[in-house]
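All remarks here apply to the structure that follows.
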Amino acid sequence: MMTIELEIEGMTCQHCARRVREALEGVPGARAARVDHEAGRGSVETDDDVELAPFLAAVRDAGYQARKADEEAGR
Ligand SMILES: [Cu+2]
């Protein structure tokens with residue numbers, strides 16, 4: 001398992017956070033996601049060897065901007 005840490009821009013409330021979480025959890029290889037709209041952060045536990053790009057795309061498709069956080073846990 002690995003953990004992808006993301007910085008996410010544009011979230012203003014719990015509803016946003018839930019949309020982003022559901023988008024992240026819908027990506028193949030995702031196991032579980034946590035999203036904090038106040039911190040503008042998200043983390044996704046995934047299978048090993050997943051690509052970052054589909055997770056960024058999923059957030060973008062949900063209407064927010066994401067990039068990989070500087071520090072990365074779990075690998
Ligand atoms: Cu919102």
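Here each label is just a point 7 Å from Cα along the line to Cβ, and for R67 and M1 those points are 2.9 nm apart. Taking the Cα centre of the range 2-68 as origin and assigning +1 to Lys and Arg Cβ atoms and -1 to Asp and Glu Cβ atoms, the resulting dipole is close to 260 debye.
Short-range pairs are left out: with C-alpha atoms under 8 Å and at least six residues apart, the relative contact order of the chain is 46 percent. The residue list L52, M11, L24 was ranked by how far each Cα lies along the charge dipole of the range 2-68 toward its positive end, using unit charges on Cβ atoms, and M11 comes out on top. Over the chain, with a Gaussian network built from C-alpha contacts below 10 Å, which listed residue (D49, D36, D61) shows the highest mean-square fluctuation? Of the options given, D49 has the highest mean-square fluctuation. When the alpha carbon gyration tensor of the chain is reduced to an equivalent ellipsoid, the three semi-axes, largest first, read 18, 12, 10 Å.
Between A53 and T12, residue separation times 0.36 nm minus the direct Cα-Cα distance comes to 12.4 nm. Rounded to the nearest 10 degrees, the inclination of helix 14-25 to the longest alpha-carbon principal axis of the chain is 20 degrees.
The numbers here are math on the coordinates, done by the rules we state, and not lab data. Predicted, not measured: the structure shown is a model, and the values here were computed from it. Using ideal geometry, Cβ is built from the backbone for each residue, glycine included, and neighbour counts are taken over all protein chains shown.
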